[in-house]
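Q: Take a look at this one; I'll ask things after.
The values are calculated or read from the model by the stated rules, or taken from the named source; none is laboratory data. Because the structure is a prediction, the values reported are computed rather than measured. All Cβ positions, glycine included, derive from the backbone under ideal geometry; neighbour counts span all protein chains shown.
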Amino acid sequence: MPLFILFLSLWLAGFSTNVFATDITVSLDRSPVSVDESFQIIFTASESPDADPDFSPLEQDFTIQNQSQSSRTEFVNGKLNHMIQWIITVMANDSGNLIIPMIKFGGDSSPALKIMVSPGVAANKNAVRDDDLYLEVTTNTEKPLIQSQVLYTMKLYRRVDLAKANLSEPELNDAVIEKLADDTNYSTQVNGVTYVVIERKYAIFPQKSGEATIKPLVLTADIVARGRQNNSFFNSQVTQRRIVKSNPITLNVQPIPETFTDSHWLTAEQVELTQAWSGDFSQMKVGEPLTRTLKLEARGSTVGQIPELNNAKIDPQLKVYNDQPVLHEDKTTVGIMASREEKIALIPANSGNYILPAIQIQWFNTQTQKIEMATLPEMTLTVAGTENSSQIAPQAPVIMTEEKEQKSVPPTQIPEIKEKEEDFIWKFMAIFSTIAWLITLGIWFFKQKMGSKKVVEIEESPAEISLKSCVKTLKNACITNDSQAAKTALLEWGKLEFNEMSLGAIATHCEARLRDEILKLNLTLYAKEPQIWQGKELFKTFSENNARAKLNTNAKSNSLQPLYKL
(Lines give C-alpha, C1' and ligand atoms only; values in the text may rest on other atoms or scores of the structure.)
Protein backbone atom coordinates (compact mmCIF):
# COMPACT_ATOMS: atom_id res chain seq x y z
CA MET A 1 0.00 0.00 0.00
CA PRO A 2 2.74 2.56 0.82
CA LEU A 3 4.44 1.72 -2.53
CA PHE A 4 1.18 2.40 -4.39
CA ILE A 5 0.81 5.76 -2.63
CA LEU A 6 4.41 6.66 -3.57
CA PHE A 7 3.81 5.96 -7.29
CA LEU A 8 0.51 7.86 -7.17
CA SER A 9 2.23 10.91 -5.61
CA LEU A 10 4.97 10.89 -8.25
CA TRP A 11 2.39 10.65 -11.06
CA LEU A 12 0.32 13.51 -9.64
CA ALA A 13 3.45 15.64 -9.26
CA GLY A 14 4.37 15.11 -12.92
CA PHE A 15 0.79 15.76 -14.00
CA SER A 16 0.58 19.03 -12.06
CA THR A 17 3.91 20.19 -13.50
CA ASN A 18 2.66 19.75 -17.06
CA VAL A 19 -0.78 21.24 -16.43
CA PHE A 20 0.28 24.28 -14.42
CA ALA A 21 3.46 25.22 -16.36
CA THR A 22 3.76 28.99 -16.84
CA ASP A 23 3.20 30.18 -20.41
CA ILE A 24 6.19 32.33 -21.48
CA THR A 25 6.27 34.10 -24.85
CA VAL A 26 9.13 35.88 -26.62
CA SER A 27 8.91 38.82 -29.05
CA LEU A 28 11.08 41.53 -30.64
CA ASP A 29 10.60 45.29 -30.76
CA ARG A 30 11.47 45.20 -34.49
CA SER A 31 12.74 42.86 -37.19
CA PRO A 32 14.92 42.58 -39.23
CA VAL A 33 17.84 44.44 -37.66
CA SER A 34 21.41 45.37 -38.63
CA VAL A 35 24.49 43.90 -37.00
CA ASP A 36 25.48 47.32 -35.67
CA GLU A 37 22.05 48.15 -34.19
CA SER A 38 20.70 47.32 -30.76
CA PHE A 39 17.26 45.79 -30.36
CA GLN A 40 15.07 44.47 -27.57
CA ILE A 41 14.05 40.89 -26.79
CA ILE A 42 10.88 40.82 -24.67
CA PHE A 43 9.97 37.78 -22.54
CA THR A 44 6.39 37.83 -21.18
CA ALA A 45 4.88 35.52 -18.55
CA SER A 46 1.25 35.37 -17.41
CA GLU A 47 2.33 34.48 -13.85
CA SER A 48 5.51 34.05 -11.81
CA PRO A 49 7.67 31.24 -13.25
CA ASP A 50 9.47 28.60 -11.19
CA ALA A 51 12.69 30.65 -10.88
CA ASP A 52 14.60 33.66 -12.17
CA PRO A 53 15.61 33.43 -15.85
CA ASP A 54 19.08 32.45 -17.02
CA PHE A 55 19.98 34.66 -19.98
CA SER A 56 23.53 33.33 -20.41
CA PRO A 57 22.61 31.31 -23.58
CA LEU A 58 22.05 34.65 -25.36
CA GLU A 59 25.74 35.52 -25.03
CA GLN A 60 26.70 32.95 -27.65
CA ASP A 61 25.41 35.13 -30.55
CA PHE A 62 24.51 38.42 -28.84
CA THR A 63 26.04 41.03 -26.55
CA ILE A 64 23.74 41.98 -23.68
CA GLN A 65 23.75 45.74 -23.13
CA ASN A 66 20.94 46.16 -20.63
CA GLN A 67 18.10 44.26 -18.97
CA SER A 68 15.06 45.28 -16.96
CA GLN A 69 11.98 43.70 -15.42
CA SER A 70 8.43 45.00 -14.93
CA SER A 71 5.10 43.59 -13.75
CA ARG A 72 1.49 44.68 -14.18
CA THR A 73 -1.84 43.55 -12.74
CA GLU A 74 -5.17 44.59 -14.24
CA PHE A 75 -8.86 43.65 -14.27
CA VAL A 76 -10.27 42.79 -17.71
CA ASN A 77 -13.97 41.83 -17.96
CA GLY A 78 -14.05 41.10 -14.24
CA LYS A 79 -11.03 38.80 -14.47
CA LEU A 80 -7.69 39.46 -12.76
CA ASN A 81 -4.75 39.33 -15.20
CA HIS A 82 -1.12 39.36 -14.09
CA MET A 83 1.80 39.94 -16.48
CA ILE A 84 5.58 39.94 -15.94
CA GLN A 85 8.05 41.16 -18.57
CA TRP A 86 11.84 40.90 -18.94
CA ILE A 87 13.26 43.34 -21.53
CA ILE A 88 16.79 42.51 -22.74
CA THR A 89 18.64 45.04 -24.95
CA VAL A 90 21.21 43.26 -27.14
CA MET A 91 23.38 43.64 -30.25
CA ALA A 92 24.13 40.76 -32.62
CA ASN A 93 27.74 39.57 -32.81
CA ASP A 94 27.41 38.61 -36.47
CA SER A 95 25.00 38.88 -39.41
CA GLY A 96 22.82 36.12 -40.82
CA ASN A 97 19.82 34.07 -39.71
CA LEU A 98 20.35 33.82 -35.96
CA ILE A 99 18.40 31.94 -33.32
CA ILE A 100 17.33 33.44 -30.00
CA PRO A 101 17.72 30.30 -27.89
CA MET A 102 15.29 28.79 -25.39
CA ILE A 103 15.65 30.50 -22.00
CA LYS A 104 15.11 28.53 -18.79
CA PHE A 105 12.96 29.96 -15.99
CA GLY A 106 13.56 27.13 -13.55
CA GLY A 107 11.24 24.35 -14.68
CA ASP A 108 9.59 26.70 -17.20
CA SER A 109 11.11 27.87 -20.48
CA SER A 110 10.51 30.22 -23.42
CA PRO A 111 10.43 29.06 -27.05
CA ALA A 112 13.27 29.72 -29.51
CA LEU A 113 12.85 32.50 -32.08
CA LYS A 114 14.51 33.28 -35.44
CA ILE A 115 15.79 36.74 -36.35
CA MET A 116 17.36 38.07 -39.56
CA VAL A 117 20.44 40.24 -38.95
CA SER A 118 21.78 42.17 -41.96
CA PRO A 119 25.40 43.36 -42.32
CA GLY A 120 26.23 46.81 -40.96
CA VAL A 121 26.41 49.76 -43.34
CA ALA A 122 29.17 52.25 -42.66
CA ALA A 123 27.88 54.88 -45.08
CA ASN A 124 24.76 55.62 -47.06
CA LYS A 125 24.43 57.80 -50.15
CA ASN A 126 21.14 59.22 -48.84
CA ALA A 127 22.57 60.28 -45.47
CA VAL A 128 23.74 63.83 -44.80
CA ARG A 129 26.58 63.33 -42.33
CA ASP A 130 27.37 65.37 -39.27
CA ASP A 131 29.50 64.46 -36.28
CA ASP A 132 26.66 64.77 -33.77
CA LEU A 133 23.37 64.85 -35.70
CA TYR A 134 22.33 63.67 -39.16
CA LEU A 135 19.43 62.25 -41.20
CA GLU A 136 19.38 59.14 -43.37
CA VAL A 137 16.54 58.30 -45.76
CA THR A 138 16.08 55.12 -47.81
CA THR A 139 13.44 53.41 -49.97
CA ASN A 140 13.00 49.71 -50.63
CA THR A 141 12.95 50.39 -54.38
CA GLU A 142 13.77 53.21 -56.77
CA LYS A 143 11.80 51.74 -59.72
CA PRO A 144 8.30 51.11 -58.40
CA LEU A 145 5.24 50.42 -60.52
CA ILE A 146 2.48 52.99 -60.60
CA GLN A 147 0.24 52.74 -57.49
CA SER A 148 2.57 50.18 -55.88
CA GLN A 149 3.83 50.58 -52.32
CA VAL A 150 7.19 52.22 -51.68
CA LEU A 151 8.53 51.91 -48.13
CA TYR A 152 10.27 55.14 -47.17
CA THR A 153 12.42 54.94 -44.02
CA MET A 154 13.83 57.92 -42.13
CA LYS A 155 16.54 57.48 -39.48
CA LEU A 156 17.68 60.32 -37.23
CA TYR A 157 21.15 59.69 -35.77
CA ARG A 158 22.21 61.71 -32.74
CA ARG A 159 24.76 61.69 -29.96
CA VAL A 160 23.67 65.01 -28.47
CA ASP A 161 20.74 65.95 -26.25
CA LEU A 162 17.81 67.69 -27.94
CA ALA A 163 15.68 70.21 -26.09
CA LYS A 164 13.18 70.55 -28.94
CA ALA A 165 12.96 69.21 -32.48
CA ASN A 166 10.63 69.47 -35.48
CA LEU A 167 10.80 67.21 -38.54
CA SER A 168 9.01 67.84 -41.84
CA GLU A 169 6.93 65.20 -43.64
CA PRO A 170 7.96 63.59 -46.96
CA GLU A 171 6.47 65.26 -50.04
CA LEU A 172 5.91 63.77 -53.51
CA ASN A 173 3.60 65.14 -56.18
CA ASP A 174 0.80 62.84 -57.40
CA ALA A 175 1.24 60.34 -54.59
CA VAL A 176 -0.61 58.96 -51.57
CA ILE A 177 1.61 59.08 -48.45
CA GLU A 178 0.73 57.27 -45.21
CA LYS A 179 2.71 57.20 -41.95
CA LEU A 180 3.22 53.65 -40.64
CA ALA A 181 2.91 52.57 -36.99
CA ASP A 182 4.88 54.33 -34.23
CA ASP A 183 8.50 55.50 -34.18
CA THR A 184 11.14 53.08 -32.87
CA ASN A 185 14.19 54.02 -30.79
CA TYR A 186 17.45 52.10 -30.50
CA SER A 187 21.22 52.60 -30.43
CA THR A 188 23.78 51.72 -33.10
CA GLN A 189 27.46 52.10 -33.86
CA VAL A 190 28.79 53.92 -36.91
CA ASN A 191 32.57 53.78 -37.41
CA GLY A 192 33.00 52.86 -33.76
CA VAL A 193 30.81 55.76 -32.52
CA THR A 194 27.57 55.01 -30.64
CA TYR A 195 24.44 56.87 -31.80
CA VAL A 196 20.85 56.95 -30.58
CA VAL A 197 18.54 56.36 -33.55
CA ILE A 198 14.89 57.37 -34.08
CA GLU A 199 13.34 55.45 -36.97
CA ARG A 200 10.13 56.43 -38.78
CA LYS A 201 8.48 54.71 -41.75
CA TYR A 202 6.05 55.82 -44.47
CA ALA A 203 4.18 54.03 -47.26
CA ILE A 204 4.18 55.99 -50.54
CA PHE A 205 1.93 55.09 -53.49
CA PRO A 206 2.92 57.07 -56.64
CA GLN A 207 -0.12 57.78 -58.82
CA LYS A 208 1.68 58.86 -61.99
CA SER A 209 4.38 57.16 -64.06
CA GLY A 210 7.66 58.87 -64.87
CA GLU A 211 10.44 60.42 -62.83
CA ALA A 212 9.41 61.85 -59.45
CA THR A 213 11.50 63.21 -56.58
CA ILE A 214 10.76 62.89 -52.87
CA LYS A 215 11.75 66.25 -51.40
CA PRO A 216 14.41 66.39 -48.65
CA LEU A 217 13.28 66.16 -45.04
CA VAL A 218 14.14 69.15 -42.85
CA LEU A 219 14.96 68.80 -39.15
CA THR A 220 14.97 71.93 -36.98
CA ALA A 221 16.42 71.11 -33.56
CA ASP A 222 17.52 72.92 -30.41
CA ILE A 223 20.66 71.16 -29.15
CA VAL A 224 21.70 71.41 -25.52
CA ALA A 225 25.09 73.12 -25.54
CA ARG A 226 27.94 71.16 -24.03
CA GLY A 227 30.35 72.60 -21.47
CA ARG A 228 28.30 75.74 -20.88
CA GLN A 229 26.79 76.38 -17.48
CA ASN A 230 23.99 78.80 -16.74
CA ASN A 231 24.48 80.22 -13.24
CA SER A 232 20.96 81.56 -12.96
CA PHE A 233 18.67 79.21 -11.04
CA PHE A 234 15.55 80.34 -12.91
CA ASN A 235 16.92 80.39 -16.46
CA SER A 236 16.50 77.39 -18.78
CA GLN A 237 19.35 75.36 -20.24
CA VAL A 238 21.48 76.88 -23.00
CA THR A 239 20.63 75.56 -26.48
CA GLN A 240 21.84 76.00 -30.02
CA ARG A 241 19.54 75.96 -33.06
CA ARG A 242 20.58 73.62 -35.88
CA ILE A 243 18.88 72.77 -39.19
CA VAL A 244 19.65 69.42 -40.82
CA LYS A 245 18.40 68.21 -44.22
CA SER A 246 18.31 64.79 -45.83
CA ASN A 247 19.09 64.08 -49.46
CA PRO A 248 16.23 63.89 -51.98
CA ILE A 249 15.35 60.50 -53.47
CA THR A 250 14.34 60.18 -57.12
CA LEU A 251 11.90 57.44 -58.14
CA ASN A 252 11.51 56.18 -61.69
CA VAL A 253 7.85 55.12 -61.59
CA GLN A 254 7.04 52.41 -64.15
CA PRO A 255 3.71 52.28 -66.05
CA ILE A 256 1.31 49.32 -66.04
CA PRO A 257 2.93 46.39 -67.92
CA GLU A 258 1.44 45.68 -71.34
CA THR A 259 1.04 42.02 -70.37
CA PHE A 260 -1.50 42.97 -67.68
CA THR A 261 -4.86 42.36 -69.39
CA ASP A 262 -7.40 43.12 -66.65
CA SER A 263 -9.14 46.52 -66.76
CA HIS A 264 -8.61 46.96 -63.01
CA TRP A 265 -4.97 47.51 -61.98
CA LEU A 266 -4.08 45.92 -58.62
CA THR A 267 -0.52 45.73 -57.34
CA ALA A 268 0.46 44.17 -54.00
CA GLU A 269 3.02 42.04 -52.21
CA GLN A 270 0.47 39.34 -51.36
CA VAL A 271 -3.22 38.79 -52.14
CA GLU A 272 -5.63 36.31 -50.57
CA LEU A 273 -9.23 35.78 -51.73
CA THR A 274 -11.53 33.77 -49.43
CA GLN A 275 -15.23 33.05 -48.95
CA ALA A 276 -17.52 31.88 -46.13
CA TRP A 277 -21.16 30.75 -45.98
CA SER A 278 -23.81 31.21 -43.30
CA GLY A 279 -25.09 27.67 -43.94
CA ASP A 280 -24.78 24.62 -46.18
CA PHE A 281 -24.92 25.85 -49.79
CA SER A 282 -25.46 22.26 -51.03
CA GLN A 283 -28.78 21.98 -49.14
CA MET A 284 -30.59 25.25 -49.79
CA LYS A 285 -34.37 25.54 -49.79
CA VAL A 286 -36.67 27.61 -51.94
CA GLY A 287 -37.38 31.02 -50.41
CA GLU A 288 -34.80 30.66 -47.61
CA PRO A 289 -31.83 33.10 -47.71
CA LEU A 290 -28.18 32.08 -47.49
CA THR A 291 -25.39 34.64 -47.01
CA ARG A 292 -22.10 34.43 -48.88
CA THR A 293 -19.18 36.48 -47.53
CA LEU A 294 -16.34 37.34 -49.92
CA LYS A 295 -13.11 38.82 -48.59
CA LEU A 296 -9.95 39.96 -50.33
CA GLU A 297 -6.84 40.91 -48.34
CA ALA A 298 -3.92 42.67 -50.03
CA ARG A 299 -0.58 43.34 -48.35
CA GLY A 300 1.17 46.42 -49.72
CA SER A 301 -1.97 47.97 -51.18
CA THR A 302 -4.74 50.43 -50.24
CA VAL A 303 -8.51 49.87 -50.07
CA GLY A 304 -8.92 52.16 -53.06
CA GLN A 305 -7.07 49.67 -55.27
CA ILE A 306 -9.15 46.60 -54.36
CA PRO A 307 -11.84 45.94 -57.01
CA GLU A 308 -15.46 44.92 -56.53
CA LEU A 309 -15.61 41.17 -55.82
CA ASN A 310 -19.19 40.19 -56.64
CA ASN A 311 -19.73 41.47 -60.20
CA ALA A 312 -20.55 38.25 -62.11
CA LYS A 313 -24.01 37.69 -63.67
CA ILE A 314 -26.02 34.78 -62.28
CA ASP A 315 -29.39 33.12 -62.90
CA PRO A 316 -32.24 35.67 -62.44
CA GLN A 317 -34.19 33.01 -60.50
CA LEU A 318 -31.56 33.40 -57.75
CA LYS A 319 -32.32 36.73 -56.10
CA VAL A 320 -29.21 38.63 -54.96
CA TYR A 321 -29.09 41.32 -52.25
CA ASN A 322 -25.73 43.05 -51.70
CA ASP A 323 -24.80 44.65 -48.38
CA GLN A 324 -22.51 47.67 -48.20
CA PRO A 325 -18.85 46.57 -48.51
CA VAL A 326 -16.62 46.78 -45.44
CA LEU A 327 -13.24 48.43 -46.19
CA HIS A 328 -10.35 48.28 -43.74
CA GLU A 329 -6.67 49.24 -43.56
CA ASP A 330 -4.00 48.25 -41.04
CA LYS A 331 -0.76 50.25 -40.87
CA THR A 332 2.20 48.16 -39.70
CA THR A 333 5.98 48.55 -39.74
CA VAL A 334 6.17 46.47 -42.94
CA GLY A 335 3.48 48.38 -44.85
CA ILE A 336 -0.28 48.64 -45.28
CA MET A 337 -2.63 45.66 -45.16
CA ALA A 338 -5.93 46.45 -46.92
CA SER A 339 -9.08 44.36 -47.08
CA ARG A 340 -12.52 44.47 -48.68
CA GLU A 341 -15.41 42.33 -47.42
CA GLU A 342 -18.72 41.89 -49.24
CA LYS A 343 -21.81 40.08 -47.90
CA ILE A 344 -24.34 38.81 -50.44
CA ALA A 345 -27.73 37.32 -49.50
CA LEU A 346 -28.94 34.70 -52.01
CA ILE A 347 -32.65 33.66 -52.14
CA PRO A 348 -33.66 30.97 -54.69
CA ALA A 349 -37.12 31.30 -56.24
CA ASN A 350 -37.29 27.74 -57.60
CA SER A 351 -35.73 24.37 -56.85
CA GLY A 352 -32.85 23.01 -58.91
CA ASN A 353 -29.15 23.66 -59.42
CA TYR A 354 -27.68 27.15 -59.74
CA ILE A 355 -24.16 27.91 -61.00
CA LEU A 356 -22.11 30.64 -59.32
CA PRO A 357 -19.36 31.66 -61.79
CA ALA A 358 -15.72 31.57 -60.78
CA ILE A 359 -14.27 34.79 -59.35
CA GLN A 360 -10.86 35.77 -60.75
CA ILE A 361 -8.90 38.82 -59.60
CA GLN A 362 -5.76 39.55 -61.62
CA TRP A 363 -2.95 41.29 -59.70
CA PHE A 364 0.73 42.10 -60.04
CA ASN A 365 3.09 40.62 -57.43
CA THR A 366 5.74 43.23 -56.58
CA GLN A 367 7.86 40.59 -54.82
CA THR A 368 8.19 38.22 -57.78
CA GLN A 369 7.53 40.87 -60.47
CA LYS A 370 4.94 38.54 -62.03
CA ILE A 371 1.25 38.69 -62.85
CA GLU A 372 -0.82 36.33 -60.69
CA MET A 373 -4.49 35.39 -60.31
CA ALA A 374 -6.52 35.15 -57.08
CA THR A 375 -9.34 32.70 -57.80
CA LEU A 376 -12.46 31.20 -56.26
CA PRO A 377 -13.66 28.24 -58.37
CA GLU A 378 -17.10 27.88 -59.92
CA MET A 379 -19.73 26.57 -57.48
CA THR A 380 -23.03 24.71 -57.78
CA LEU A 381 -25.88 25.51 -55.39
CA THR A 382 -28.41 22.71 -54.91
CA VAL A 383 -31.87 24.01 -53.97
CA ALA A 384 -34.56 21.64 -52.71
CA GLY A 385 -38.26 22.40 -53.04
CA THR A 386 -40.64 22.71 -50.09
CA GLU A 387 -44.23 21.57 -49.58
CA ASN A 388 -45.46 25.11 -50.22
CA SER A 389 -42.86 25.99 -52.83
CA SER A 390 -45.55 26.55 -55.45
CA GLN A 391 -47.15 29.27 -53.27
CA ILE A 392 -44.10 31.44 -52.66
CA ALA A 393 -45.24 34.26 -54.92
CA PRO A 394 -45.66 37.57 -53.02
CA GLN A 395 -49.49 37.51 -53.44
CA ALA A 396 -49.94 33.98 -52.13
CA PRO A 397 -50.31 34.82 -48.40
CA VAL A 398 -52.95 37.49 -49.16
CA ILE A 399 -55.01 35.17 -51.34
CA MET A 400 -55.00 32.38 -48.76
CA THR A 401 -56.12 34.76 -46.00
CA GLU A 402 -59.02 36.11 -48.08
CA GLU A 403 -60.28 32.60 -48.93
CA LYS A 404 -60.21 31.61 -45.27
CA GLU A 405 -62.19 34.69 -44.24
CA GLN A 406 -64.80 34.12 -46.96
CA LYS A 407 -65.39 30.53 -45.89
CA SER A 408 -65.99 31.56 -42.27
CA VAL A 409 -68.68 34.19 -43.16
CA PRO A 410 -72.24 33.17 -44.18
CA PRO A 411 -73.43 34.36 -47.60
CA THR A 412 -75.39 37.40 -46.40
CA GLN A 413 -75.18 41.18 -46.87
CA ILE A 414 -73.17 41.71 -43.68
CA PRO A 415 -69.72 41.69 -45.41
CA GLU A 416 -70.84 44.47 -47.79
CA ILE A 417 -72.01 46.67 -44.89
CA LYS A 418 -68.71 46.01 -43.08
CA GLU A 419 -66.70 46.93 -46.18
CA LYS A 420 -68.63 50.22 -46.49
CA GLU A 421 -67.97 51.06 -42.85
CA GLU A 422 -64.27 50.31 -43.31
CA ASP A 423 -64.15 52.47 -46.45
CA PHE A 424 -65.76 55.38 -44.55
CA ILE A 425 -63.24 55.04 -41.70
CA TRP A 426 -60.29 54.96 -44.09
CA LYS A 427 -61.59 57.99 -46.04
CA PHE A 428 -62.10 59.92 -42.81
CA MET A 429 -58.58 59.07 -41.62
CA ALA A 430 -57.10 60.05 -45.01
CA ILE A 431 -58.88 63.47 -44.97
CA PHE A 432 -57.84 64.08 -41.36
CA SER A 433 -54.20 63.16 -42.10
CA THR A 434 -54.14 65.43 -45.15
CA ILE A 435 -55.44 68.43 -43.16
CA ALA A 436 -52.91 67.79 -40.36
CA TRP A 437 -50.10 67.51 -42.92
CA LEU A 438 -51.09 70.84 -44.55
CA ILE A 439 -51.12 72.59 -41.16
CA THR A 440 -47.69 71.16 -40.32
CA LEU A 441 -46.35 72.21 -43.72
CA GLY A 442 -47.63 75.75 -43.19
CA ILE A 443 -45.95 76.02 -39.78
CA TRP A 444 -42.69 74.66 -41.18
CA PHE A 445 -42.79 77.09 -44.14
CA PHE A 446 -43.39 80.01 -41.76
CA LYS A 447 -40.42 79.00 -39.57
CA GLN A 448 -38.19 78.55 -42.60
CA LYS A 449 -39.13 81.99 -43.89
CA MET A 450 -38.39 83.59 -40.52
CA GLY A 451 -35.16 81.63 -40.19
CA SER A 452 -34.02 82.59 -43.70
CA LYS A 453 -34.28 86.27 -42.78
CA LYS A 454 -31.88 85.67 -39.92
CA VAL A 455 -29.51 83.68 -42.12
CA VAL A 456 -29.37 86.44 -44.72
CA GLU A 457 -28.08 88.79 -42.06
CA ILE A 458 -25.12 86.47 -41.32
CA GLU A 459 -22.21 86.94 -43.67
CA GLU A 460 -20.80 83.69 -45.11
CA SER A 461 -17.20 82.81 -44.23
CA PRO A 462 -14.54 82.33 -46.96
CA ALA A 463 -14.45 78.59 -46.16
CA GLU A 464 -18.23 78.26 -46.74
CA ILE A 465 -17.92 80.16 -50.03
CA SER A 466 -15.07 77.86 -51.13
CA LEU A 467 -17.09 74.75 -50.24
CA LYS A 468 -20.08 76.00 -52.23
CA SER A 469 -17.78 76.69 -55.18
CA CYS A 470 -16.39 73.12 -54.95
CA VAL A 471 -19.89 71.64 -54.90
CA LYS A 472 -20.93 73.73 -57.90
CA THR A 473 -17.83 72.72 -59.85
CA LEU A 474 -18.38 69.05 -58.97
CA LYS A 475 -22.02 69.24 -60.08
CA ASN A 476 -21.06 70.67 -63.48
CA ALA A 477 -18.33 68.05 -63.89
CA CYS A 478 -20.76 65.22 -63.09
CA ILE A 479 -23.38 66.59 -65.48
CA THR A 480 -20.83 66.75 -68.32
CA ASN A 481 -19.19 63.43 -67.25
CA ASP A 482 -15.80 65.16 -66.98
CA SER A 483 -13.78 62.79 -64.75
CA GLN A 484 -10.70 65.05 -64.47
CA ALA A 485 -12.77 68.07 -63.43
CA ALA A 486 -14.64 65.91 -60.91
CA LYS A 487 -11.33 64.75 -59.46
CA THR A 488 -10.10 68.35 -59.10
CA ALA A 489 -13.33 69.41 -57.36
CA LEU A 490 -13.28 66.43 -54.99
CA LEU A 491 -9.63 67.05 -54.08
CA GLU A 492 -10.39 70.70 -53.26
CA TRP A 493 -13.45 69.64 -51.23
CA GLY A 494 -11.48 66.96 -49.39
CA LYS A 495 -8.71 69.41 -48.57
CA LEU A 496 -11.19 71.86 -47.03
CA GLU A 497 -13.29 69.25 -45.21
CA PHE A 498 -10.75 66.64 -44.10
CA ASN A 499 -7.31 68.07 -44.94
CA GLU A 500 -6.73 65.09 -47.27
CA MET A 501 -4.84 65.29 -50.57
CA SER A 502 -5.92 62.12 -52.44
CA LEU A 503 -9.15 60.49 -53.56
CA GLY A 504 -8.38 57.30 -51.66
CA ALA A 505 -7.87 59.17 -48.39
CA ILE A 506 -11.00 61.32 -48.93
CA ALA A 507 -13.10 58.20 -49.57
CA THR A 508 -12.34 56.83 -46.10
CA HIS A 509 -14.17 59.81 -44.51
CA CYS A 510 -17.38 59.28 -46.50
CA GLU A 511 -20.38 57.02 -46.17
CA ALA A 512 -20.27 53.68 -47.96
CA ARG A 513 -22.14 54.64 -51.17
CA LEU A 514 -20.19 57.85 -51.76
CA ARG A 515 -16.95 56.08 -50.83
CA ASP A 516 -17.57 53.47 -53.51
CA GLU A 517 -18.38 56.10 -56.15
CA ILE A 518 -15.17 58.03 -55.36
CA LEU A 519 -13.14 54.82 -55.60
CA LYS A 520 -14.83 54.02 -58.95
CA LEU A 521 -13.80 57.46 -60.22
CA ASN A 522 -10.24 56.83 -58.99
CA LEU A 523 -10.13 53.47 -60.81
CA THR A 524 -11.46 55.07 -64.01
CA LEU A 525 -8.79 57.76 -63.96
CA TYR A 526 -5.93 55.27 -63.62
CA ALA A 527 -7.29 52.39 -65.69
CA LYS A 528 -4.98 50.88 -68.28
CA GLU A 529 -7.52 51.48 -71.07
CA PRO A 530 -9.65 54.66 -71.36
CA GLN A 531 -13.08 54.16 -69.82
CA ILE A 532 -16.39 56.01 -70.07
CA TRP A 533 -17.36 57.57 -66.75
CA GLN A 534 -20.89 58.63 -65.80
CA GLY A 535 -21.04 61.23 -63.02
CA LYS A 536 -24.76 61.17 -62.22
CA GLU A 537 -24.50 58.57 -59.44
CA LEU A 538 -21.45 60.27 -57.87
CA PHE A 539 -23.17 63.64 -57.43
CA LYS A 540 -26.35 61.96 -56.22
CA THR A 541 -24.51 60.10 -53.44
CA PHE A 542 -22.41 63.22 -52.74
CA SER A 543 -25.55 65.30 -52.17
CA GLU A 544 -27.09 62.62 -49.94
CA ASN A 545 -23.85 62.34 -47.94
CA ASN A 546 -23.74 66.10 -47.35
CA ALA A 547 -27.42 66.21 -46.40
CA ARG A 548 -26.97 63.46 -43.80
CA ALA A 549 -23.83 65.14 -42.46
CA LYS A 550 -25.73 68.42 -41.97
CA LEU A 551 -28.59 66.62 -40.22
CA ASN A 552 -26.14 64.93 -37.85
CA THR A 553 -24.42 68.26 -37.16
CA ASN A 554 -27.71 70.01 -36.44
CA ALA A 555 -28.85 67.18 -34.17
CA LYS A 556 -25.63 67.38 -32.17
CA SER A 557 -25.76 71.18 -31.86
CA ASN A 558 -29.41 71.10 -30.76
CA SER A 559 -28.67 68.50 -28.09
CA LEU A 560 -25.90 70.55 -26.45
CA GLN A 561 -26.88 72.24 -23.20
CA PRO A 562 -25.32 75.56 -22.06
CA LEU A 563 -22.60 75.25 -19.42
CA TYR A 564 -24.19 78.03 -17.34
CA LYS A 565 -26.97 80.59 -17.47
CA LEU A 566 -26.53 84.33 -17.10
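Q: What single numbered condition from (1) part of a loop (DSSP other than H, G, I, E, B); (2) modelled with pLDDT of 90 or more fails to hold for residue 205?
A: Residue 205 satisfies every listed condition except (1).
Q: Cβ-Cβ distance below 7 Å, separation of 6 or more or different chains: which pairs start in region 252-269 with a residue that is charged (D, E, K, R) and end on one that is surrounded by fewer than 18 Cβ atoms within 10 Å (Cβ to Cβ)?
A: Going by the 7 Å Cβ cut-off, the qualifying pairs are 269/367.
Q: Tell me which residues, restricted to region 35-54, are surrounded by fewer than 19 Cβ atoms within 10 Å (Cβ to Cβ) and among the β-branched types (Val, Ile, Thr).
A: 35, 42, 44
Q: Now a separate question. Mind checking which residues of region 143-169 are closer than 18 Å to residue 522 by Cβ and surrounded by fewer than 21 Cβ atoms within 10 Å (Cβ to Cβ)?
A: 146
Q: Right, something else. Residue 345 - would you say it is among the aliphatic types (A, V, I, L, M) and out of contact with any Asp or Glu (no Cβ under 7 Å at 6 or more places or on another chain)? If you could, list the steps in order and put the result at the bottom.
A: On the way: among the aliphatic types (A, V, I, L, M): yes; out of contact with any Asp or Glu (no Cβ under 7 Å at 6 or more places or on another chain): yes.
Criteria met by residue 345.
Q: Please specify each residue of region 476-512 satisfying the condition of being part of a helix (DSSP H, G or I) and under 13 Å from residue 535 (Cα atoms). Step through it out loud before you land on a result.
A: Of region 476-512, the ones part of a helix (DSSP H, G or I) are 476-479, 483-498, 503-507, 512.
Hits for region 476-512 are 476, 477, 478, 479, 483, 484, 485, 486, 487, 489, 490.
Q: Same structure again: Might you check whether a residue that is surrounded by 16 or more Cβ atoms within 10 Å (Cβ to Cβ), in contact (Cβ under 8 Å) with a residue 24 or more places away in the chain and either in a loop (DSSP other than H, G, I, E, B) or of a type in the set (Lys, Arg) (or both) occurs anywhere in region 170-183?
A: Here is the first cut: in region 170-183, the ones surrounded by 16 or more Cβ atoms within 10 Å (Cβ to Cβ) are 170, 172, 175-178, 180.
From what's left, in contact (Cβ under 8 Å) with a residue 24 or more places away in the chain: 170, 172, 175-178, 180.
Of the ones still in play, those that are also either in a loop (DSSP other than H, G, I, E, B) or of a type in the set (Lys, Arg) (or both) are 170, 172.
The answer is yes; a qualifying residue exists.
Q: Let me ask you something else. Look through region 513-543, keep the residues that are of a type outside the set (A, V, I, L, M), outside any loop (DSSP other than H, G, I, E, B) and in contact (Cβ under 8 Å) with a residue 40 or more places away in the chain, and return whichever of them is surrounded by the fewest Cβ atoms within 10 Å (Cβ to Cβ).
A: Of region 513-543, the ones of a type outside the set (A, V, I, L, M) are 513, 515-517, 520, 522, 524, 526, 528-531, 533-537, 539-543.
Among the residues that remain, those that are also outside any loop (DSSP other than H, G, I, E, B) are: 513, 515-517, 520, 522, 524, 536-537, 539-543.
Now narrow it down to the ones that are in contact (Cβ under 8 Å) with a residue 40 or more places away in the chain: 513, 515-516, 522, 524, 536, 539, 542.
Values: 513: 16, 515: 22, 516: 19, 522: 23, 524: 17, 536: 10, 539: 20, 542: 24.
This residue is 536.
Q: When region 325-354 is examined, which residues are found to be more than 13 Å from the chain's Cα centre (by Cα) and exposed (fewer than 13 other Cβ atoms within 10 Å of the Cβ)?
A: 353
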